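The block underneath contains the structure these notes are about, expressed in structure tokens.
The values are calculated or read from the model by the stated rules, or taken from the named source; none is laboratory data. Every value quoted in this text rests on a predicted model; they were computed, and no experiment measured them. Here the Cβ positions follow ideal geometry from the backbone for every residue, glycine too, while neighbour counts run over all protein chains shown.
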Amino acid sequence: MSEPLLKVQNLRIELSLRDGIAPVIDDLSFELGAGESISFVGESGCGKSMTALGIMGLLPEKVGRIASGTITFDGEELTTVTQKRLRAIRGNEISMIFQEPMTSLNPVYTVGEQIAEVLRAHQGLSKAAAWNNAIELLDAVRIPNAKRRVSDYPFQMSGGQRQRVMIAIALACEPKILIADEPTTALDVTVQAEIFDLLNELKRQTGTAIIMITHDMGAVAEMAERMIVMYAGRNAEQGPVEQIIDHPRHPYTKGLISCVPHIMATLNDERHELTEIAGIVPPLREFGKDRCLFASRCNMVSQQCLDKRPPEAIFGDSQRSACWHAEAV
Amino acid sequence: MATLQSLLMRIVYAVILLMAVLVLNFSMMHLAPGDVADTISQSMGGADQEILDQIRADYGLDQPFLVQLGSYMGKVLRFDLGYSFFYNTPVTQLILQRLPATLLLVFTAQILALFIGVILGVISARKPNGIASHFVTILALFGYSAPVFWTGILLLIGFSLNIQLFPVAGMRDVTIEGGFWVHFVDIVRHLVLPVITLGSIFLALYSRLARATMMEVLGSDYVRTAKAKGLSEREVVYKHALKNSLSPVITLAGLQFSAVISGAVLVEAVFSWPGLGTLAFQSIIARDTPTILGILFFSALVVIIGNLLTDIALRFVDPRVGGKG
Ligand SMILES: Nc1ncnc2c1ncn2[C@@H]1O[C@H](COP(=O)(O)OP(=O)(O)OP(=O)(O)O)[C@@H](O)[C@H]1O
Ligand code: SF4
Ligand SMILES: [Mg+2]
């Protein structure tokens with residue numbers, strides 16, 4: 001098998017907090033093939049955005065840093081590459097859309113300018129060519145009347161439209177990877193479906209690989225081929241979406257799935273009671289502890305879980321679960 | 001066009017505001033004890049009641065309040081601000097003689113303070129523990145606590161008396177002969193210390209605000225987006241961040257136009273700067289009512305024009321001001 005497009009190995013990202021250093025991402029490994037879709041799921045505060053920002057080299061300044069591990073993109077090691085090279089990759093070969101569509105566009109420039117500048121920066125287009133291209137891109141993300149809307153300012157657009165503009169910016173240079181960090185969380189339910197449809201269609205057209213971060217298990221089933229379930233900065237379980245939904249090998253994944261009745265209903269007929277996983281994600285300063293961080297919420301917990309961090313157990317050829325009792329799940 | 005329309009509205013409001021200022025000014029002066037007749041009689045070394053009544057009749061001071069107000073406003077609209085008996089000159093002429101000096105002082109101080117303040121703000125926001133940032137903190141402390149006249153006098157002692165770098169007083173040296181540039185350099189030399197004195201207060205305000213807003217903006221989502229696009233550091237800071245951090249500073253600068261009189265009085269007094277501030281000071285002591293009213297009118301005018309300019313400047317940096325939406 002050839003090398004994957006993106007290979008993250010034993011990634012550790014540390015945050016400097018007031019009361020010390022916490023590993024917000026701890027020993028995370030995964031791979032992404034060209035044109036593939038992978039989904040990150042997990043509750044708020046699990047470190048999904050941090051993983052994305054780590055790949056982009058955009059960790060919060062002076063607070064976050066990559067402590068160890070490697071991020072290899074197209075044979076190039078991103079953790080050691082120069083800032084200049086990183087800038088040439090960002091927005092060009094790897095781009096990102098953010099969780100906050102209302103605030104992610106610059107309020108004082110037209111949306112056209114914000115799309116056009118990325119084309120000028122990376123593709124060396126002239127002002128006029130970039131502007132025309134911006135109109136086409138707005139059209140491609142299905143903003144009606146693109147020719148007129150291109151000179152609108154962000155405040156003249158709705159949340160959904162702003163996120164479409166963000167998608168246009170991200171896809172302007174036809175990147176190899178698009179990281180979509182909860183692109184619909186801040187939007188209305190009806191708009192959410194439209195954005196997912198749009199991303200799916202654009203993916204089909206451009207062959208861009210997508211890293212889709214979400215806590216919507218329904219979206220995972222719809223969008224991705226493989227998924228990574230994260231818990232407290234660690235990989236809980238990863239593998240092919242259908243295989244995991246069919247038979248999760250981690251109590252946390254199982255809990256997440258049973259929160260969403262309809263994906264169960266589409267994949268098998270058994271109906272579960274809608275449950276919530278009781279309890280909360282442990283605070284950041286506990287992320288580094290040598291034990292299973294899910295233990296406080298797990299109904300299968302044993303002494304072993306509290307004493308030592310669980311290793312990954314492998315099921316089939318690619319389902320990996322970090323649980324001492326994965327066999328029994 | 002929506003923008004033009006809202007700008008027109010601003011101008012209409014400005015005119016109404018100016019009228020209100022006129023009414024208020026006139027009422028206040030009317031209520032204050034003593035009038036022109038008293039002043040004139042004083043300057044004549046005293047007069048009896050008959051002469052006082054005669055003067056009052058001549059100047060319409062025996063008319064009802066509203067009639068006086070009406071004729072005052074009518075005159076003002078024709079830019080007739082009355083006659084100063086103290087200076088023996090029409091007030092309009094008096095003010096127009098002094099206004100350029102004050103405008104020169106205030107605008108130079110404002111623009112320099114804005115420019116330097118924003119640059120300091122940007123540099124110190126990018127390095128919150130750097131030298132520039134500490135300088136801003138000290139400057140702010142100094143600017144807030146040191147009285148203007150004290151700063152001015154210190155500068156005078158330091159750079160006019162001890163090291164004779166700059167002239168002690170006034171705006172120009174009448175003995176100097178030469179062409180435009182010779183006079184230009186002369187005025188600039190006279191301008192340096194007053195501008196530093198007045199500008200340091202502005203600079204303290206602006207640099208601190210610029211640093212705070214710039215720090216906030218640098219941490220904003222859209223700056224993160226700009227970085228995620230792979231733009232250069234320069235574009236991220238000076239294109240995406242800077243324009244967003246300007247609005248609060250411009251707004252604050254607009255408010256400082258009210259310092260045209262209040263701030264300038266002290267600075268002008270220290271440096272004998274021949275501006276409106278000095279004129280105001282002298283005419284208050286002389287109880288020269290028409291001149292005081294005229295100055296109040298002009299300072300209101302300057303403040304209102306200053307606000308209009310601020311408004312226009314804000315429209316340039318932020319499309320959300322005014323327009324549709
Ligand atoms: N700038 C920062 N400084 C300190 N801690 C931070 C910072 N940004 C994020 N964190 C912390 O890092 C942890 C992981 O955050 P992250 O944003 O990656 O979570 P997430 O999985 O994306 O959650 P969500 O679903 O809410 O977006 C959280 O506990 C968060 O509080
Ligand atoms: S390791 Fe133990 S506590 Fe952690 S998920 Fe598995 S069973 Fe639960
Ligand atoms: Mg997030």
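Structure data summary
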item: Residue ID - nearest to ligand 1 (Cβ to nearest atom), chosen from residues in region A:50-70 that are hydrophobic (A, V, I, L, M, F, W, C) and under 15 Å from the mean Cα position of the chain (by Cα); result: A:MET50
item: Residue in region A:300-308 that is away from ligand 2 (no atom under 11 Å from the Cβ) and either at pLDDT 90 or above or in contact with a strand residue (DSSP E or B) (Cβ under 9 Å, 6 or more places away or on another chain) (or both) present; result: no
item: Flag for A:ARG204 being within 22 Å of the chain's Cα centre (by Cα) and either within 16 Å of ligand 1 (Cβ to nearest atom) or not in a loop (DSSP other than H, G, I, E, B) (or both); result: yes
item: Residue among A:SER104, A:SER95, A:SER126 that alone is hydroxyl-bearing (Ser, Thr, Tyr) and within 16 Å of ligand 1 (Cβ to nearest atom); result: A:SER104
item: Residues that are more than 15 Å from the chain's Cα centre (by Cα), part of a strand (DSSP E or B) and small (Gly, Ala, Ser), drawn from region A:1-49; result: A:SER16, A:GLY20, A:ALA22
item: Single match in B:ALA113, B:ALA101, B:ALA109, B:ALA57 (criterion: loosely packed, with under 13 Cβ neighbours inside 10 Å and either among the charged types (D, E, K, R) or not in a loop (DSSP other than H, G, I, E, B) (or both)); result: B:ALA57
item: Count of residues meeting criterion [at the interface with chain A (Cβ under 8 Å from one of its Cβ atoms) and within 17 Å of B:PHE115 (Cβ to Cβ)] in region B:220-263; result: 1
item: In region A:144-177, residue farthest from A:ILE195 (Cα to Cα) [restricted to those that are surrounded by fewer than 21 Cβ atoms within 10 Å (Cβ to Cβ) and aliphatic (A, V, I, L, M)]; result: A:ALA146
item: Residue that is away from every other protein chain (no Cβ under 14 Å) and either surrounded by 19 or more Cβ atoms within 10 Å (Cβ to Cβ) or closer than 23 Å to A:LYS176 by Cβ (or both), where the choices are A:GLU136, A:GLU113; result: A:GLU136
item: Qualifying position, being within 16 Å of ligand 3 (Cβ to nearest atom), within 14 Å of chain B (Cβ to nearest Cβ), of a type outside the set (Phe, Trp, Tyr) and over 21 Å from A:GLN114 (Cα atoms), among A:ILE228, A:ILE211; result: A:ILE211
item: Yes/no for B:VAL270 being more than 14 Å from chain A (Cβ to nearest Cβ) and either surrounded by fewer than 17 Cβ atoms within 10 Å (Cβ to Cβ) or without any contact (Cβ under 8 Å) to a residue 60 or more places away in the chain (or both); result: no
item: Enumeration of residues in region A:50-67 that are more than 13 Å from ligand 3 (Cβ to nearest atom), more than 14 Å from chain B (Cβ to nearest Cβ) and not in a strand (DSSP E or B); result: none
item: Residue that is farthest from the chain's Cα centre (by Cα) [pool: residues in region B:191-214 that are over 28 Å from A:ASN106 (Cβ atoms) and either surrounded by fewer than 22 Cβ atoms within 10 Å (Cβ to Cβ) or within 14 Å of chain A (Cβ to nearest Cβ) (or both)]; result: B:VAL192
item: Meets criteria (within 14 Å of chain A (Cβ to nearest Cβ), buried (at least 16 other Cβ atoms within 10 Å of the Cβ) and over 20 Å from the mean Cα position of the chain (by Cα)) for B:VAL217; result: yes
item: Test: residue in region B:224-235 that is in contact (Cβ under 8 Å) with a residue 24 or more places away in the chain and out of contact with any Cys (no Cβ under 8 Å at 6 or more places or on another chain); result: no
item: A:THR80 being in a loop (DSSP other than H, G, I, E, B) and away from chain B (no Cβ under 14 Å); result: yes
item: Residue list for region A:172-188, restricted to those being within 12 Å of chain B (Cβ to nearest Cβ) and away from ligand 1 (no atom under 16 Å from the Cβ); result: A:ALA172, A:CYS173, A:PRO175, A:LEU178
item: Residue within region A:85-92 that is surrounded by 17 or more Cβ atoms within 10 Å (Cβ to Cβ) and more than 9 Å from chain B (Cβ to nearest Cβ) present; result: no
